[in-house]
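Working notes, beginning with the structure itself.
The values are calculated or read from the model by the stated rules, or taken from the named source; none is laboratory data. Keep in mind the model is a prediction, meaning the values are calculated, not measured. Cβ sites come from the backbone with ideal geometry, for glycine too, and all protein chains shown count toward neighbours. Please note that ligands, DNA and RNA were not included when accessible areas were found on the heavy atoms of the full protein model with its side chains. Shrake-Rupley method; radii C 1.70, N 1.55, O 1.52, S 1.80 Å.
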Amino acid sequence: MSIARDLEAEHRSIDALLEQFVSGLDEEVRPGPFRDSARELRQHIHVEEAHLFPPLREAGIIPPVLVMLREHGQIWTVLDEIDAHLDDEPDPAELRRLCEMLTDMLGAHNDKEEAILYRAAVEVLDPVVQEQISNAMVDDTLPDGWRCEMA
């Protein structure tokens, strides 16, 4: 698998977990699927910001990286807001609204990321660097207290 396919597969996994959470809101608020999705999404963002974006910047792909960093910050803020609602008296309607906002943000973000940055990673990054990023997807863990650059 190429690095692009690996990263895209993570997008699909995150989307599926988020959908599982939203589809269960009609019955009861079960934080587990959301927290699983959020944990995977935060880890994914960490790998991108710590391992993928630096070599892309070095390759001169700066404006698209800056857009993705800004969007990561916006996504992170919504994740925090949903987490806060889950810690209080969760309102299913408000959680659904926030999750729909998150889903819309992720859809637009992922489309750009996949079409521009992931394609660039395959085309311009050395295969050794690509392998290091793939390894980080498996081996790297989100450091305690880490927040994305623009959160």
Considering each residue of the stretch 1-44, count those that are under 12 Å from the mean Cα position of the chain (by Cα) and within 18 Å of S134 (Cβ to Cβ), and give that number.
-> 11
Do any helices (runs of 4 or more DSSP H) entirely within the stretch 1-58 hold 2 or more residues that are closer than 26 Å to A115 by Cβ, open to solvent by 40 Å² or more (accessible area, probe 1.4 Å) and not acidic (D, E), and if so, which?
-> 3-23, 53-58
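In this structure, is L102 touching a residue at least 24 places away in the same chain (Cβ under 8 Å) and either assigned to a helix (DSSP H, G or I) or under 23 Å from Q20 (Cα atoms) (or both)?
Judged against the criteria, L102 is a match.
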Return the only residue of P90, P63 being part of a loop (DSSP other than H, G, I, E, B) and more than 16 Å from A151 (Cβ to Cβ).
-> P90
For the stretch 113-151, enumerate the residues that are under 26 Å from T77 (Cβ atoms), of a type in the set (V, I, T) and loosely packed, with under 13 Cβ neighbours inside 10 Å.
-> T141
(1) touching a residue at least 40 places away in the same chain (Cβ under 8 Å); (2) in a loop (DSSP other than H, G, I, E, B): which one isn't true of G145, the others all being true?
-> (1)
Counting only residues that are modelled with pLDDT of 95 or more and over 16 Å from L79 (Cα atoms), the stretch 17-54 contains a total of 8
Whichever residue in the stretch 83-100 is surrounded by 15 or more Cβ atoms within 10 Å (Cβ to Cβ) and of a type in the set (A, V, I, L, M) and, among such residues, is farthest from P33 (Cα to Cα) | L98
Taking only pairs six or more apart or across chains, which ones have beta-carbon atoms under 6 Å, a first residue in the stretch 115-142 that is without any contact (Cβ under 8 Å) to a residue 40 or more places away in the chain, and a second residue that is surrounded by fewer than 16 Cβ atoms within 10 Å (Cβ to Cβ)?
-> none
